[in-house]
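Structure first, then comments.
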Amino acid sequence: MFNRLSKVVLVSFALTAVIATAAFAGRPAKKDPPCSINPSPVSVGQTYVVSASGLPIGTAVNLWVTDPSGNTSGSPLGSTPDGSFNLNESSSSAGKWTYTFSGPTKNNNTTMYSSCSVDAS
């Protein structure tokens, strides 16, 4: 009797796992909002546009800039009514510059929304 009950429980768990896997298999993976830099690559001192779309609406958005030396500085951008920002930027030195858009979460943490980089030479 115990052996039969064990088999029923084991089959039930296996069936549940198969159903759960099938339920999530058709869902697309969560993707970060698009971020792009145009033109890219660039010359040192050249102006380029850092664009992000698909950002949260009505919540604070911050921009973090990491220079080729690894130094990071942040700026509050505020909120966006349409989920996008287009910013004119330029690089003061050669190397890879990274732009990251972030915002606060309900538990006083920060979530990174999107990131893109440009090489300046």
Q: From largest accessible area down, sort Asp67, Asp119; use a 1.4 Å probe on the protein chains.
A: Asp119, Asp67
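In square angstrom, what is the accessible area per residue of segment 27-118 with a 1.4 angstrom probe?
Numbers: 5420 Å² over 92 residues.
Value returned for segment 27-118: 59 Å² of accessible area per residue.
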Q: For segment 82-121, would you read off the P(r) tail past 14 Å as a percentage of all alpha carbon pairs?
A: 59 percent
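The values are calculated or read from the model by the stated rules, or taken from the named source; none is laboratory data. Nothing here was measured: the structure is a model prediction, and the numbers come from that model. The area values use the complete protein model at the heavy-atom level, side chains included, leaving out ligands, DNA and RNA. Shrake-Rupley method; radii C 1.70, N 1.55, O 1.52, S 1.80 Å.
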